[in-house]
Amino acid sequence: MPNVRARILVTGKVQGVFFRQMLKVTAVKNDVRGWVRNLDDGRVEAVLEGERNGIDSVIEWSRKGPANSRVTNITIHDEKYTDEFSDFDVRY
């Protein structure tokens with residue numbers, strides 16, 4: 001299966017609820033590489049690279065997030081795969 005890349009923007013109560021840390025755990029579990037960060041406007045942004053089924057699993061998890069979060073919207077942008085990541089980082 002070919003590798004793909006997606007950028008997601010998650011809106012709602014997604015900061016201060018361990019969203020980034022749990023997204024990283026989910027990404028590593030699904031062999032997805034890339035990064036996740038908080039945005040100044042309250043959203044969370046993530047860039048995901050890996051096999052489609054692994055990325056789909058991370059996106060599906062992101063639709064709900066951790067227990068204390070409340071996701072109201074998720075925007076997904078498919079991008080050109082670059083193979084630039086060797087692991088998954090939480091950016092600050």
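Numbers below:
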quantity: Hits in region 1-11 - residues which are surrounded by fewer than 20 Cβ atoms within 10 Å (Cβ to Cβ) and among the hydrophobic types (A, V, I, L, M, F, W, C); calculated: Met1, Val4, Leu9
quantity: Residues of region 71-92 classified as modelled with pLDDT of 95 or more and either part of a loop (DSSP other than H, G, I, E, B) or touching a His at 6+ places or on another chain (Cβ under 9 Å) (or both), total; calculated: 8
quantity: Test: residue in region 14-30 that is at positive phi and touching a residue at least 12 places away in the same chain (Cβ under 8 Å); calculated: yes
quantity: Pairs where the first residue, in region 50-73, is touching a residue at least 60 places away in the same chain (Cβ under 8 Å) and the second is among the hydroxyl-bearing types (Ser, Thr, Tyr) and crowded, with 18+ Cβ neighbours inside 10 Å, C-beta under 8 Å, 6+ apart; calculated: Val71/Ser62
quantity: Lone qualifier among Glu49, Glu79 - being of a type in the set (D, E, K, R) and in contact with a helix residue (DSSP H, G or I) (Cβ under 9 Å, 6 or more places away or on another chain); calculated: Glu49
quantity: Filter result (surrounded by 11 or more Cβ atoms within 10 Å (Cβ to Cβ) and among the basic types (Lys, Arg)) within region 71-92; calculated: Arg91
quantity: Hits in region 22-70 - residues which are open to solvent by less than 60 Å² (accessible area, probe 1.4 Å), of a type in the set (A, V, I, L, M, F, W, C) and not in a helix (DSSP H, G or I); calculated: Val32, Trp35, Val36, Leu39, Val44, Ala46, Val47, Leu48
quantity: Hits in region 12-21 (condition: within 12 Å of the chain's Cα centre (by Cα) and surrounded by fewer than 17 Cβ atoms within 10 Å (Cβ to Cβ)); calculated: Gln21
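The values are calculated or read from the model by the stated rules, or taken from the named source; none is laboratory data. For clarity, every value in this text was computed on a predicted model and none was experimentally measured. FYI the Cβ positions are ideal-geometry reconstructions off the backbone, even for glycines, and counts take in every protein chain you see. Just the protein is used for accessible areas: all its heavy atoms, side chains included, with ligands, DNA and RNA removed. Shrake-Rupley method; radii C 1.70, N 1.55, O 1.52, S 1.80 Å.
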